[in-house]
Ligand code: GDP
């Protein structure tokens, strides 16, 4: 894990995008559905996915304000996440479809923008709605998706993140832990603090294949993240 951190630092200054064979086609990500009830999620599963064919793709999960929308825009093209920010959409599963080039072939995958968690003012009823949606979502879709668990690199593993990982750890899902906003770590002291946390994060998030250090703002680390996402999608 520590190696990834240094690998990222070494790579962040060089543009390797021109060398990449596999890529997410920017601007190809189209909004398909916003699902807010258990029935809608079940219907989507029944109507759009045949029983042998589960949706392949990515699901984005994180506390509000960690930069989920900014990362979606950075990875899929500017303006993609606008729909997820529409007032009232915050408790919905937003579904997009995007195109990739993998080994010179075009493929289509789903992107699921899942409702955020850890809002300070959420009522018990809303929390229980979130859990019902997540329980169903995981049951129906988790085995063909790569989950990106997004956290803020300045405050990783907060209480709400710990609750989430306890909830997910036996789900058998495939996941990456993505620590965003690393551009905000300006001083050596702040960078060292994050480095010191890596062993703890590796242990607590051992269900995650890897930890990535990125910035949606400066784009640092995103080439490596995109490459790794495509490597997993091409496996399935
Ligand atoms: P979401 O609620 O998780 O979708 O978070 P947003 O994408 O809306 O981002 C929340 C705030 O963090 C916005 O003001 C973004 O501009 C900012 N932000 C997101 N990613 C980064 C980043 O990598 N670096 C910095 N400095 N700010 C970021």
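The values are calculated or read from the model by the stated rules, or taken from the named source; none is laboratory data. In this text the structure is predicted, and so the values were computed from the model without any measurement. Positions of Cβ are generated from backbone atoms using ideal geometry, with glycine treated the same way; all protein chains shown enter the neighbour counts.
Summed over the stretch 184-194, the residues that are touching a residue at least 24 places away in the same chain (Cβ under 8 Å) and over 14 Å from residue 212 (Cβ atoms) give a count of 3. Looking across the stretch 81-103, the residues that are touching a strand residue (DSSP E or B) at 6+ places or on another chain (Cβ under 7 Å) and at pLDDT 90 or above come down to 93, 94, 95, 96, 97, 98, 99, 100, 101.
For the stretch 47-57, the criterion of being within 16 Å of the ligand (Cβ to nearest atom), modelled with pLDDT under 85 and part of a helix (DSSP H, G or I) is met by no residue. Restricted to the stretch 65-94, and to residues there that are near the ligand (Cβ under 7 Å from one of its atoms) and part of a loop (DSSP other than H, G, I, E, B), the residue that is surrounded by the fewest Cβ atoms within 10 Å (Cβ to Cβ) is 65. The residue pairs whose first member lies in the stretch 147-161 and is in contact (Cβ under 8 Å) with a residue 24 or more places away in the chain and more than 16 Å from residue 176 (Cβ to Cβ), whose second member is within 12 Å of the ligand (Cβ to nearest atom) and assigned to a strand (DSSP E or B), and whose beta carbons are closer than 6 Å, counting only pairs six or more residues apart or on different chains, are 160/63; 160/117. Among the residues making up the stretch 210-219, those that are within 15 Å of the ligand (Cβ to nearest atom) and crowded, with 20+ Cβ neighbours inside 10 Å are 212, 213, 214, 215, 216. Confirm whether residue 131 is closer than 16 Å to residue 61 by Cβ, loosely packed, with under 13 Cβ neighbours inside 10 Å and away from the ligand (no atom under 16 Å from the Cβ). So residue 131 fits the description; yes.
Can you name the residue in the stretch 183-209 that is under 16 Å from the mean Cα position of the chain (by Cα) and surrounded by 16 or more Cβ atoms within 10 Å (Cβ to Cβ) and, of all such residues, is modelled with the lowest pLDDT? Reasoning before the result, please.
Pass one, the stretch 183-209, residues under 16 Å from the mean Cα position of the chain (by Cα): 205, 207-209.
With surrounded by 16 or more Cβ atoms within 10 Å (Cβ to Cβ) added as a condition, the list becomes 205, 207-208.
Details: 205: 95, 207: 92, 208: 95.
Once the filter is applied, the top-ranked residue is 207.
When residue 115 is tested against (1) in a helix (DSSP H, G or I); (2) modelled with pLDDT under 90; (3) within 18 Å of residue 37 (Cβ to Cβ), only condition (1) is not met.
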